[in-house]
Structures are given as structure tokens and as C-alpha cells.
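A.B. asks: Dumping the structure here so I can ask a few things about it.
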Amino acid sequence: MNIAIANLKGGASKTTTAMFMAASLSREGNKVLVIDSDPQGSALGWSEEASLGEGGELPFTVIGLPVRDLQKRLAQQQGYDHIIVDTPPGYPDIVRSALLAVETVIVPLSPATVEVARLSSTLGLLQEIEPQNPVGFVVLLTRVRKGTNSAKLARSTLKDLGYPVLETEIPLRELFSNSYGTVPDAGTEYDAVFGEL
Ligand SMILES: Nc1ncnc2c1ncn2[C@@H]1O[C@H](COP(=O)(O)OP(=O)(O)OP(=O)(O)O)[C@@H](O)[C@H]1O
Ligand SMILES: [Mg+2]
């Protein structure tokens, strides 16, 4: 399956989601490619740090392709069970080409009213590409604070707007905020995401 992780807003947990999902899928025996389409190169930098560190190589491949013709480039990647495209904040031309290249889009979102309000630009892009590529998209609530009401509130707002939200929620945890440059842990909430798609 080809999956894009997209939210035009910065800092929405896109890269964290891409890397942890890739790790989960790899551990199930899949050959996984992460395409870093962000000119900032966060996923690429993450994999570089990991390979230089003591934790060992990532169990999947990461390549950088910050380009606007991802549709063509993805078609050239052979031999992978799953391709996950991490997309940049902004750069709508790159994000559009990522959305055109996949079957499924995960939109990570922190459950805060401002984040929900700022979803419109990402959803606008999804609407724009729909005639060419009717992708399935789902919202994944991330950085969910335990014992708060915000996830419930975001869920009901998104439901009222007619947007699909995964049951799985990714909690706010240091394990995730300190994971850059390391091999993502197994046994996190991310393991359940693919099964829900
Ligand atoms: N579940 C989580 N718990 C705690 N911290 C998190 C979680 N998910 C992401 N973070 C942290 O939030 C910050 C933003 O995450 P990340 O870099 O994945 O977002 P992004 O959408 O890729 O950002 P950008 O738009 O800049 O590419 C990072 O510091 C990351 O470590
Ligand atoms: Mg990122």
C-alpha cells in the first residue's frame, strides 16, 4: 500500500507518524520504503542519525525526494510491500503530488481547536485532487494528553464535519518526542494504525 502522511500545518507529527508506522510494518516482515518529500529532510536526517548511532540501522529504507512529480517517482520504486510518503508543511505543489501518488492519506492531528480549524487547507488539497485520484483519507489523533477531554471534543467536531477519524489514538509521550535519530520502538500505539486502514 502507498500511504501519504499529510498536514500542511507544521509540527503535526507527520514525520513521527511516518517513521513509527514504517517501523511497525517492517517488524511484521514487510519491506518498507519511506520517501521524505520534505525539503527540510527530517526523515532523512532521522535515518542518518540512526545509522551513525549505537541503536543500529533502521529496519526500513529512507530516501529523500522533495519533488513535485512524486506520482512518477513512486511508480519507479519497485520491490516494496509498502511505501510511506512523509510530506512537508507548506509546499502545496509537493504535497499535491504526494496525494496523487498514493491510495491512502493519514492526516495526523493534535486535538486542539486551532489544529482542527487549520485543517481546511489540507482538506482543500484533498478535494482538489479527488477527481484525479479519489484517495481515502483518515485523521489520526496524536499527542493526546491522558485524562483530558480534548480528544473527545476533537472527535465529535470532526465527526460533525463528516471526517473519518481512526479509533487508535497516539498519546503525548516522551518516547515519541525523544525518538528522532533512533530506531522507533515496537509495541507502541502506532502498531494498530495499519490494521485500521
Ligand atoms: N505522540 C507524541 N508525543 C510527544 N511528542 C510528539 C509526539 N508526536 C510528535 N511529537 C513531537 O512533536 C514535534 C513535531 O513532530 P514531527 O516532527 O513528527 O511533526 P511534523 O508534522 O513532521 O513537523 P513538520 O511540519 O515540521 O515536518 C517533534 O518534536 C516530535 O518529537
Ligand atoms: Mg516533518
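Values in this text are rule-based calculations from the coordinates and carry no lab data. For clarity, every value in this text was computed on a predicted model and none was experimentally measured. Please note: Cβ atoms are built from the backbone with ideal geometry, for glycine as well, and neighbour counts cover all protein chains shown.
A.B. asks: For E196 and E128 in one chain, what is 0.36 nm times their gap in residues minus the Cα-Cα distance, to one decimal in nm?
C.D. replies: Here the segment from E196 to E128 would lengthen by 21.9 nm.
A.B. asks: Here is a further query. Over all directions, how big on average is the projection of the convex hull of the alpha-carbon atoms in the range 96-174, in square nanometres?
C.D. replies: The number I arrive at for the range 96-174 is 5.6 nm².
A.B. asks: So what is the 222 nm mean residue ellipticity for the chain from helices alone, if each DSSP H run of at least 4 adds -39500 (n - 2.57) and you divide by all residues, rounding to the nearest 500 deg cm²/dmol?
C.D. replies: Mean residue ellipticity, 222 nm, calculated: -10500 deg cm²/dmol.
A.B. asks: Would you please put 58-65, 35-42 in order of how densely packed they are, using the mean number of other Cβ atoms within 10 angstrom per residue and starting with the highest?
C.D. replies: Going from most to least packed, we get 35-42, 58-65.
A.B. asks: For the range 1-88, state which GluC sites (Glu not before Pro) are in a DSSP loop and have at most 16 other beta carbons lying within 10 Å of their beta carbon.
C.D. replies: Taking the range 1-88 and a limit of 16 other Cβ atoms within 10 Å, the loop GluC sites (Glu not before Pro) found are E28, E54, E57.
A.B. asks: List the GluC sites (Glu not before Pro) within the range 74-158 that DSSP assigns to loop and that have no more than 13 neighbouring Cβ atoms inside 10 Å.
C.D. replies: E103
A.B. asks: Based on the mean of other beta carbon atoms within 10 Å per residue, what is the order of 117-125, 143-151, 186-194, most packed first?
C.D. replies: 186-194, 117-125, 143-151
A.B. asks: Also: Calculated FRET efficiency, A112 and S51, Cβ-Cβ r, R0 45 Å, to nearest 0.05?
C.D. replies: Result of the calculation: an efficiency of 0.85.
A.B. asks: At 0.36 nm per residue, minus the direct Cα-Cα distance, what do M1 and T157 gain on full extension? Give it in nm, one decimal, please.
C.D. replies: Additional length available on full extension: 53.3 nm.
A.B. asks: Let me spell out the model: positive unit charges on the Cβ of Lys and Arg, negative unit charges on the Cβ of Asp and Glu, origin at the Cα centre of the chain. What dipole size does that give, in debye rounded to 20?
C.D. replies: 540 debye
A.B. asks: Relative to the compact globular guide of 2.2 N^0.38 Å, what is the alpha carbon radius of gyration of the range 44-134, as a ratio?
C.D. replies: For the range 44-134, the normalised Cα radius of gyration comes out at 1.26.
A.B. asks: Could you please tell me the mean projected area of the C-alpha convex hull for the chain, averaged over all directions and given in square nanometres to one decimal?
C.D. replies: 10.3 nm²
A.B. asks: Each residue of the range 134-150 in order: what ³J(HN,Hα) in whole Hz does its phi give by Karplus 6.51 cos²θ - 1.76 cosθ + 1.60, θ = phi - 60°, with x for Gly and Pro?
C.D. replies: x, 6, x, 10, 9, 8, 10, 6, 10, 6, 7, 7, 4, x, 10, 9, 4
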